[in-house]
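These notes concern the structure reproduced below.
Computed from the coordinates by the stated procedures, all read-outs in this text should not be read as laboratory data. No experiment lies behind these values; they were computed from the predicted model shown. When we count neighbours, we look across all protein chains shown, and the Cβ atoms used for this are built from the backbone with ideal geometry, even at glycine.
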Amino acid sequence: MEISQSRDIIRLEDIVKKYYIGTENELEVLHGVSLSVRQGEFAGIVGESGSGKSTLMNVIGLLDRPTSGRYYIQDVDVSGMRDDDLSAIRNHQIGFVFQTYNLIARTTALDNVAMPMLYAGVPLRERRERAQELLEMVGMADRMSHDPSELSGGQKQRVAIARAMANRPAIILADEPTGALDSQTSRTVMDIFHRLHEEQGSTILMITHSQILSEECSRILMLEDGRITGERRGQHAR
Ligand SMILES: Nc1ncnc2c1ncn2[C@@H]1O[C@H](COP(=O)(O)OP(=O)(O)O)[C@@H](O)[C@H]1O
Ligand SMILES: [Mg+2]
């Protein structure tokens, strides 16, 4: 018997997101977004400020629920799942990288990276070993015992990327990951994403307002006023 399995890591069908539902000033931000990201892809969503990128990222990252539409993660329909099931999927399947790093203050780089593994029930020794490996991978081996307040923006983002990788997620979601960084530091961070994509086969979805950065992805989806209006191949298309 042949088992057909899609290689879609995520698939959104007709996702609508409204705020202030049922009130006079009801605001529809996503107007029926359909998209998929395939295994091993470095996909980009590019759109201007206010186009709905973060709203879409929150839906994809299971941080917020769509008003309607279907959402599948590795062919599992997560649209109607309970909050605690969603949290478990979020912890295991999705690695987040945010513009503002969102590291935990007064906590070492090593413990920041180990944290998602703690929640996943990974034993202490394994947590420490993997956190060390990940920090080495992003070039932060010599900063493992530093707190976020002792790190530069670019260094914080490298720690955040290591943390995003901790539970070997099916997909890394990055929302404006270089938005707060200067161009040279942005380059370092983008190069880490390329390495993860090329050497580890990681699946990455990066959201950005930058046309230039989006060109570096393998496939680019255009988001305009809450609608996907087109897609094209990027420099790293295979
Ligand atoms: N929690 C919210 N409540 C109400 N409106 C929101 C909320 N989040 C975002 N919006 C509105 O949705 C639109 C898209 O915002 P956002 O998704 O943050 O866009 P982007 O990330 O592309 O700049 C904006 O008009 C914004 O004001
Ligand atoms: Mg945003």
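Shown here for the stretch 13-56: GluC sites (Glu not before Pro) in loop regions (DSSP other than H, G, I, E, B) with at most 15 other Cβ atoms within 10 Å, namely E24, E26, E48. Take the chain, connect every pair of alpha-carbon atoms lying under 10 Å apart with a spring to form a Gaussian network, then pick out the residue of G121, G95, G32 with the largest mean-square fluctuation. Answer for the Gaussian network model of the chain: G121. Is the stretch 9-53 best put as rounded, prolate or oblate by its Cα gyration tensor, with a ≥ b ≥ c the root eigenvalues, rounded for a/c under 1.5, and otherwise prolate when a/b is larger than b/c, oblate when not? Oblate, since a/c reaches 1.5 and b/c is not below a/b. By the beta-carbon count within 10 Å of each Cβ, the least crowded to most crowded order of K18, K156, fewest first, is K18, K156.
Note on the chain: GNM, Cα springs under 10 Å; of V59, V122, V189, the largest mean-square fluctuation is that of V122. For the stretch 170-238, a/c is not less than 1.5, where a ≥ b ≥ c are the root eigenvalues of the C-alpha gyration tensor, and a/b does not top b/c. That puts it in the oblate class. Secondary structure note: in the chain, about 55% of the DSSP beta bridges are antiparallel. Just check the stretch 13-105 against the gyration tensor rule for me: Cα atoms, a ≥ b ≥ c as the square roots of the eigenvalues, rounded for a/c under 1.5, and otherwise prolate or oblate depending on whether a/b exceeds b/c. Here the stretch 13-105 falls in the rounded category. Applying a DSSP loop filter and a limit of 15 other Cβ atoms within 10 Å to the GluC sites (Glu not before Pro) in the stretch 133-238 leaves E215.
The relative contact order of the stretch 1-121 comes to 25 percent, based on Cα pairs under 8 Å that sit 6 or more residues apart. In the elastic network of the chain, a GNM with C-alpha springs shorter than 10 Å, the most mobile of R38, R106, R143 is R106.
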